[in-house]
Amino acid sequence: MTDPVPLPQTISGLSPSETARVLVEALPYIRKFAGKTVIVKLGGNAIEKSVDKALAQDVLLLRSVGVRCVVIHGGGPQVDRTMAAMGKTPEFRDGLRVTDAETLAIVRMVLVGQVNRELVATINREALDDPVAVGVAGEDGGLLVASPRDPALGFVGDVVEVRASVLHRLLDEGLTPVVSTVGADRSGQPYNINADEAARAIAVAMHAEKIVYLTAAPGLLADPGDPASLIARLSSAELRERLSHPSVGQGMIPKLRASADAVDGGVPTAHIIDGRLAHALLIELLTDRGIGTMVTKDAAV
Ligand SMILES: Nc1ncnc2c1ncn2[C@@H]1O[C@H](COP(=O)(O)OP(=O)(O)O)[C@@H](O)[C@H]1O
Ligand SMILES: CC(=O)N[C@@H](CCC(=O)OP(=O)(O)O)C(=O)O
């Protein structure tokens with residue numbers, strides 16, 4: 001009798017039995033999330049610092065096990081750079097960009113024309129012969145209906161309606177929507193919408209199982225200078241209390257408020273995780289190792 005072919009000793013640094021354990025560990029999570037909607041919001045900073053290819057692979061893997069993933073992206077730093085190149089100085093109030101007509105044109109050009117295109121292309125490159133990613137702007141199909149927030153902010157919009165069927169129909173066809181958050185009012189006037197808020201509105205309207213914010217930090221830190229001070233879990237009420245805490249800086253505020261609003265709006269959990277970490281999304285969804293900050297309706301027991 002000939003000896004069996006020897007198994008390789010390691011696969012990607014794991015032994016065959018460890019690799020099998022990781023796959024088996026994923027099974028209950030795959031069962032839990034198959035057929036459910038998961039909203040993935042990519043912050044502009046995370047996009048610049050993350051491993052794009054790994055993220056595209058995560059989204060495609062989740063899709064292939066039946067998770068209905070919707071990708072929503074920001075692009076604040078990318079807009080800032082284009083404004084600077086055009087000689088305009090970005091101005092923010094409470095974390096929102098003051099958006100005059102010229103700024104609105106730049107936001108639309110950068111978010112819809114550049115950031116969205118690049119994400120769609122990255123996912124479709126990884127998808128090989130099944131290019132499933134489809135770019136959608138909030139203006140398309142009436143997806144994000146907006147109304148002006150405050151005259152002092154110009155063309156900044158609040159989401160007043162989400163036409164969730166636009167996204168459900170794409171998902172039903174096996175496609176993966178990649179959404180940029182320029183919406184429009186009922187007359188067709190475009191508005192610049194904060195991407196954290198838009199993701200929250202979409203998650204609530206789609207009855208999502210989870211919303212995951214991928215950002216350029218390990219999660220919510222009690223001390224922003226100390227990565228070890230991660231707050232792993234808190235309730236939406238505890239999160240709201242933290243909003244005015246001096247340790248919470250500008251970029252985090254819309255994300256925290258949107259996470260609390262999503263959970264209070266019926267999304268079971270919101271997560272703020274490190275988008276710079278390769279495969280952060282898969283680790284969060286399909287393994288026993290929760291990462292980052294998890295927000296739930298009730299306090300941790
Ligand atoms: N308490 C805090 N914990 C973690 N990060 C914080 C905190 N306060 C401020 N930040 C900063 O907020 C940033 C997230 O905001 P921002 O970059 O605008 O988000 P995004 O581009 O993902 O929407 C983090 O990268 C971090 O530098
Ligand atoms: C009104 C408003 O502020 N809109 C944001 C939209 C992009 C965004 O939210 O990008 P991040 O997720 O990278 O922050 C902006 O113009 O920067």
Between Leu27 and Arg125, what is the FRET efficiency for a Förster distance of 30 Å, r being their Cβ-Cβ separation, to the nearest 0.05?
0.55
Structure shown: which of Lys53/Lys210; Lys41/Lys210; Lys41/Lys297; Lys32/Lys210 lie over 18 Å apart, alpha-carbon to alpha-carbon?
Lys53/Lys210; Lys41/Lys297
Estimated 222 nm signal from helices in the chain, with DSSP H stretches of n ≥ 4 weighted -39500 (n - 2.57), rounded to 500:
-11500 deg cm²/dmol
If the chain between Ala278 and Ser247 were fully extended at 0.36 nm per residue, the gain over the current Cα-Cα distance would be 8.5 nm
Just the Cα atoms of region 226-270, one point each, no solvent: what log10 I(q)/I(0) does Debye give at q = 0.19 Å⁻¹?
-0.59
Degrees, to the nearest 10: 76-85 long Cα axis against longest axis of the chain:
50
For the chain, what does the alpha-carbon gyration tensor say about shape, rounded, prolate or oblate, given a ≥ b ≥ c as the root eigenvalues, a/c under 1.5 as rounded, and a/b over b/c as prolate?
prolate
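The numbers here are math on the coordinates, done by the rules we state, and not lab data. This one's a predicted model, so the numbers in the text were calculated from it and none came from an experiment. As a convention, Cβ positions derive from the backbone with ideal geometry for all residues, glycine included, and neighbour counts pool all protein chains shown.
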